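Visitor: Structure provided below as structure tokens; questions to follow.
The values are calculated or read from the model by the stated rules, or taken from the named source; none is laboratory data. Remember, predicted model here, so these are calculated numbers, not experimental data. Cβ coordinates were reconstructed from backbone atoms using ideal geometry, including for glycine residues, and neighbour counts include every protein chain displayed.
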Amino acid sequence: MSSSVKDKIIEIVAEQAVLEPSDISMDQSLEDLGIDSMGLVEAIFSIEESFDIQVPFNANEPEKSEFDISSVAAIVAAVESLIAEQKG
Amino acid sequence: MNRVAITGAGTINPLGHTVSTTLEAMREGRCGIGDLDIRDVDRLAIRIGGQVKGYDPDSRFNRQQQALYDRFTQFTLIAADEAIRQSGLEFGGHLAAQAGVVLGTSGGGLSTLDDNYRAVYEEGKNRVHPFIVPKLMNNAAASHVSMTYNLKGPSFTVATACASSNHAMGQAFNLIRSGMAKVIVTGGSESMLCFGGVKAWEGLRVMSKDACRPFSANRNGMVQGEGAGVFVFEDYEHARKRGADILAEIVGFSMTSDASDIVMPSQQGAARAISGALSDAGINAEQVGYINAHGTGTAANDKTECAAVASVFGRHADTVMISSTKSMHGHLIGGTGAVELLACLMALKDGIIAPTIGYEEPDPECALDVVPNEAREAKVDHVLSNAFAFGGLNAVLALKKG
């Protein structure tokens, strides 16, 4: 897990949750952090912009998405694999 | 209060360029959604839509007109022409002053904006055509209808996103009901299937990449469409005295605001609008045989709408038919309620209920009779048409057999 990807994702998630990055722990879900569906869509947009990647995500079927958003750690792992796929 | 009749209907939409071809497509459950044919489509993630195909602006409008008419205005004028011709009305003298235009649109001349932003930002041009402002303004279509047909009474444009047309038709209804007008040309139009228009919707992550499947468990979002629906609403006695063919009667209208979330729908707000339309019409739920659903095909709308209908209709929710024709023509945003009103007219006049096509899997959260995949014959005397907009603004119309 590269620290730069992890730090940036924590920063994005913290901004949506209106928390300090130091308050975010890797095992928390977005729901735990009080991030709603609009916050999620905005966070995905920030991730795409920050890493210049395309994130496959349809708000109508989040469970079917290949993009795992079950926890902060899962998001970091998913973004790392997208970076490897799309920019490798 | 005056009664209100519909004495003319017109349309151009992904299913047809006239009312008769549109209703034929709805009866046959045809799908007007397909691959988008627009500039820079390769830079879009969403590449399907309900486009009006086989339409050549040169066949309807000359060069001077096209310089002033955005595509949404062209659609409006084509639909208005069919509706007004059917009504047989001519607007002169006293009637002209008592006749107006109330139309819905969300994006107005969005493709004109798109084209001209592209010219100045992308192509670096420092000059745009002199008529861009009168071409793109949201009231352009209403104004051109008023100018073309000499309609000199109350005229304006309503913009409430996906409920624009229903709000517009509700205003038209109340203008005639209250005696402020004898005739209102009403409905709505939308044409935002351009790169910027689709790109903006794409960002919300609620669009389907393959099909609009309202109420189906495997639905995965909405599909945008374009087009217009225009109707002639007329004082019932005025219509009766001149022997006009009455297509249906508008009997109730209600509008509510969720006052809760900018995109997520509210069951309570929708239910208040549905029950409000029933009480305004002085009918009870058992009298309603068909509901034209908002039915966008998103996870959130369809389950919320079904819950709202179930809460208002109680046991009758199991027997009322409810379908979403967006499965066939897509979501026409500010014009959608107008095109969908055609399905209501078909139900009342012809006894044919338009289907919800693309229905593949039952969803326990949408456990109503959604008239899956095939049109059905049924005699109905009263129908409702639902529209629930982003921003939580809801508008429901109640119609009765003419």
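Visitor: Hey, does the range B:185-193 have a residue that's within 30 Å of A:E61 (Cα to Cα), in a loop (DSSP other than H, G, I, E, B), within 14 Å of chain A (Cβ to nearest Cβ) and at pLDDT 95 or above?
Guide: no
Visitor: Turning to a different aspect of this structure: Taking the range B:247-277 as the search range and keeping residues that are part of a helix (DSSP H, G or I) and among the small types (G, A, S), which one is nearest to B:A310 (Cα to Cα)? Show your work before the answer.
Guide: Restricting attention to the range B:247-277, the residues satisfying the condition of being part of a helix (DSSP H, G or I) are B:267-277.
Restricting the remaining residues to those that are among the small types (G, A, S) gives B:269-271, B:273, B:275-277.
On the way: B:G269: 14, B:A270: 11, B:A271: 9, B:A273: 13, B:S275: 11, B:G276: 15, B:A277: 15 Å.
Ranking the qualifying residues of the range B:247-277, first place goes to B:A271.
Visitor: Quickly run through the range A:60-76 and pick out the residues that are more than 13 Å from chain B (Cβ to nearest Cβ) and under 9 Å from the mean Cα position of the chain (by Cα).
Guide: Answer for the range A:60-76, where residues must be more than 13 Å from chain B (Cβ to nearest Cβ) and under 9 Å from the mean Cα position of the chain (by Cα): A:D68, A:S71, A:V72, A:A73, A:A74, A:I75, A:V76.
Visitor: So which strands (runs of 3 or more DSSP E) are wholly in the range B:286-402 and hold at least 2 residues that are of a type in the set (D, E, K, R) and farther than 15 Å from B:G29 by Cβ? I'd like the intermediate steps shown before the answer.
Guide: Values: elements: B:288-292, B:321-323, B:382-389, B:393-401.
Once the strands (runs of 3 or more DSSP E) in the range B:286-402 are filtered for at least 2 residues that are of a type in the set (D, E, K, R) and farther than 15 Å from B:G29 by Cβ, what remains is B:393-401.
Visitor: For the range B:238-246, indicate whether the set of residues that are surrounded by 16 or more Cβ atoms within 10 Å (Cβ to Cβ) and part of a strand (DSSP E or B) is non-empty.
Guide: Checked the range B:238-246: no residue is surrounded by 16 or more Cβ atoms within 10 Å (Cβ to Cβ) and part of a strand (DSSP E or B).
Visitor: Continuing with this model, one more query. Just give me the residues in the range B:66-76 being over 15 Å from the mean Cα position of the chain (by Cα) and more than 15 Å from B:F131 (Cα to Cα), in sequence order.
Guide: Initial filter on the range B:66-76 (over 15 Å from the mean Cα position of the chain (by Cα)): B:66-71, B:74.
Correct list: B:Q74 only.
Visitor: How many residues are part of a loop (DSSP other than H, G, I, E, B), surrounded by fewer than 16 Cβ atoms within 10 Å (Cβ to Cβ) and not charged (D, E, K, R) when one looks only at the range B:88-133? Steps first, please.
Guide: First, pick out the residues of the range B:88-133 that are part of a loop (DSSP other than H, G, I, E, B): B:88-92, B:98, B:105-109, B:123-131.
With the extra rule that they be surrounded by fewer than 16 Cβ atoms within 10 Å (Cβ to Cβ), the set shrinks to B:88, B:90, B:92, B:123-131.
Still in the running and not charged (D, E, K, R): B:88, B:92, B:124, B:126, B:128-131.
Result for the range B:88-133: 8.
Visitor: May I pose another question? Of A:F57, A:F51, which residue is free of Cβ contacts under 8 Å to residues at least 24 places away in the same chain and either within 12 Å of another protein chain (Cβ to nearest Cβ) or surrounded by 15 or more Cβ atoms within 10 Å (Cβ to Cβ) (or both)? Working first, answer last.
Guide: Values: A:F51 fails: free of Cβ contacts under 8 Å to residues at least 24 places away in the same chain.
Selected residue: A:F57, the only one of A:F57, A:F51 that is free of Cβ contacts under 8 Å to residues at least 24 places away in the same chain and either within 12 Å of another protein chain (Cβ to nearest Cβ) or surrounded by 15 or more Cβ atoms within 10 Å (Cβ to Cβ) (or both).
Visitor: Considering each of B:V288, B:V230, B:V223 in turn, give the residue that is buried (at least 24 other Cβ atoms within 10 Å of the Cβ), under 26 Å from B:D37 (Cβ atoms), away from chain A (no Cβ under 14 Å) and touching a residue at least 12 places away in the same chain (Cβ under 8 Å). So that I can check it myself, show each step before the final result.
Guide: On the way: B:V288 fails: under 26 Å from B:D37 (Cβ atoms); B:V223 fails: away from chain A (no Cβ under 14 Å).
Sole residue among the options that is buried (at least 24 other Cβ atoms within 10 Å of the Cβ), under 26 Å from B:D37 (Cβ atoms), away from chain A (no Cβ under 14 Å) and touching a residue at least 12 places away in the same chain (Cβ under 8 Å): B:V230.
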